[in-house]
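Nothing in this text is a laboratory measurement; each read-out follows from the coordinates by a stated rule. Remember, it's a predicted structure, so these values are computed and weren't measured experimentally. As a convention, Cβ positions derive from the backbone with ideal geometry for all residues, glycine included, and neighbour counts pool all protein chains shown.
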Amino acid sequence: MPRLNVTHDPSLRSWVESANAAGADFPLQNLPFAAFRRAGGGEAFRGGVAIGDQVLDLGALQELAPFAGQAAAALAACTAPSLNALMGAGAAAASALRAALSQALRAGAAQAAALRALLVPQAAAEYRVAADIGDYTDFYASIHHATAVGRLMRPDNPLLPNYKWLPVAYHGRASSVRVSGQGVVRPRGQLMPPGASRPELLPTRRLDYELELGVFVGAGNALGSPVPLAEAERHIFGLCLLNDWSARDVQAWEYQPLGPFLAKNFATTVSPWVVTLEALAPYRVPWTRPAGEPEPVAYLDDPGVRAAGALDIHLEAALESASMRAAGVPAARLSHSNFRDSWWTVAQMLAHHTVNGCNLQPGDLLGSGTQSGPRPEEAGSLLELTAGGKQPLTLPGGETRTFLEDGDRLTLRAWCEREGCARIGFGAAAGTVLPAGSAG
Ligand code: CA
């Protein structure tokens with residue numbers, strides 16, 4: 001479990017001035033990684049680290065050979081167009097690189113003059129998904145989301161008997177994971193409206209978002225070798241934002257008996273920046289179960305998880321309609337929740353995923369499931385916020401929404417903030433809904 005070290009010191013300042021601004025997502029204590037390039041020039045993607053409103057080009061930094069030992073080896077992995085090699089190098093290598101970057105970007109660092117030439121403004125950068133994702137699994141780890149959605153489908157029996165005992169998940173689609181900023185074409189699907197006798201192929205009428213965190217796997221495990229819970233975090237590189245776009249009407253008709261399929265696999269949007277688990281160390285909180293709830297089976301229980309396995313991460317979803325955009329009206333917050341309310345931790349999800357011997361590989365992606373909080377206004381999807389489409393929301397300007405309309409831009413954000421700690425932001429994961437049949 002990552003402990004606090006000098007890189008977390010809230011008094012640290014960077015020679016990149018924008019990193020020292022109050023409320024900045026990317027201060028010196030964060031140092032998230034992405035795969036990036038200058039926009040529009042057809043350059044190769046390579047690794048970058050965020051500092052203030054800049055990206056430090058790690059591909060170019062490698063040519064200066066500024067570091068030694070494990071940090072140098074980890075930096076060499078950042079010249080590739082995706083971060084799989086860095087992720088696969090393991091937590092100790094990523095930690096050594098973080099420590100070296102923290103020193104080099106610190107106010108007064110001797111390397112400042114040389115490194116200044118390697119900064120690219122984030123406004124002039126473009127990104128790809130941080131890793132080549134071999135496999136993607138989406139969990140369902142918020143009991144508040146599972147209960148609210150279950151109640152819509154089964155009012156008398158919202159939670160199925162397994163829910164409190166194991167991290168429920170399904171295998172998702174890696175090929176349609178896209179980075180923030182790309183459009184999402186409204187999917188067509190087979191719909192069976194209530195009372196109809198035959199399904200029809202139509203554009204979804206119930207397009208929704210899901211407010212989730214993504215987890216990029218670091219070092220993998222061999223097939224047949226489960227990862228014990230106490231070691232699970234050593235296999236996690238970091239966290240990003242994840243929007244699991246969902247077609248609720250397609251889902252309602254297709255999900256039984258095998259679960260989500262075409263209602264989910266047409267698009268998933270992730271943030272470009274991956275915040276390492278080490279950067280989140282100041283925001284660890286105890287993982288607990290409310291009194292009267294079942295204690296986990298032994299392989300999902302660990303003193304380290306109980307002491308500090310949960311993460312205090314604020315999550316937010318905001319919507320901007322096409323007419324709001326045209327009128328210059330800022331996006332409206334739809335909901336706000338916190339990952340500390342999750343029924344399962346990221347380590348428990350990873351340990352459970354491998355308990356049967358299933359092998360995870362560097363760059364695999366896990367979704368946390370929609371993170372809804374205990375209060376109705378903390379719901380992480382429109383399905384919940386509108387009571388299954390029965391109670392429309394009103395946007396600034398008077399438009400109403402039950403589900404997403406063409407032109408709507410949905411933005412997820414996350415951040416950690418507490419007195420005495422540096423703010424750790426995740427940036428954003430945004431996507432705009434495009435009409436059915438458009439090129440995307
Ligand atoms: Ca989901």
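Test of understanding: in a Gaussian network model of the chain with alpha carbons linked when under 10 Å, which of Ala232, Ala298, Ala428 would top the mean-square fluctuation ranking?
Top of the fluctuation ranking is Ala298.
Among the GluC sites (Glu not before Pro) within segment 391-436, which fall in a DSSP loop and have no more than 11 other Cβ atoms within 10 Å of their own Cβ?
Glu419
At most 13 other Cβ atoms within 10 Å plus a DSSP loop assignment makes a site exposed; report the longest stretch of the chain without any exposed trypsin sites (Lys or Arg not before Pro).
Answer - 4-389.
Taking H as built 1.01 Å from N, whose amide H comes closer than 5 Å to the amide H of Arg178, not counting residues under 5 places away?
Hits under the 5 Å cutoff: Thr268, Thr269, Val270.
Can you list residues from other chains, or at least 5 along the same chain, whose modelled amide H is less than 5 Å from the amide H of Ile313?
When sequence neighbours closer than 5 places are left aside, the close amide H contacts are Phe339, Arg340.
Restricting attention to segment 132-236, which chymotrypsin sites (Phe, Trp or Tyr not before Pro) occupy a DSSP loop and are surrounded by at most 13 other Cβ atoms within 10 Å?
Loop-located and lightly packed - Trp165.
Hey, how many Å between the Cα centroid of segment 217-249 and the Cα centroid of segment 1-73?
With segment 217-249 and segment 1-73 each reduced to a Cα centre, they are spaced 23 Å.
Can you tell which of Asn221, Asn30, Asn162 shows the greatest fluctuation in a Gaussian network model of the chain with Cα springs below 10 Å?
Comparing Asn221, Asn30, Asn162 in a Gaussian network model of the chain, the most mobile one is Asn162.
In whole Å, how far is the Cα centre of segment 96-161 from that of segment 250-302?
14
Write out the GluC sites (Glu not before Pro) in segment 39-144 meeting two conditions: DSSP loop, and at most 15 other Cβ atoms within 10 Å of their Cβ.
Listed in order of number, the matching sites are Glu43.
What 222 nm value per residue comes from the helices of the chain, counting each DSSP H run with n ≥ 4 as -39,500 (n - 2.57) and dividing by all residues, nearest 500 deg cm²/dmol? Intermediate values should be presented prior to the final figure.
On the way: 11 runs with 81 residues, N = 440.
Roughly -4500 deg cm²/dmol at 222 nm, from the helical runs in the chain.
Between Ala125 and residues 5 or more places away or on another chain, which pairs have amide H atoms under 5 Å apart, with H built 1.01 Å from N, and which residues are they?
Those qualifying (amide H under 5 Å, at least 5 residues apart or on another chain) are Ala39.
How large is the dipole of the chain about the Cα centre if only Lys and Arg carry +1 and Asp and Glu carry -1, each at its Cβ, rounded to the nearest 20 debye?
280
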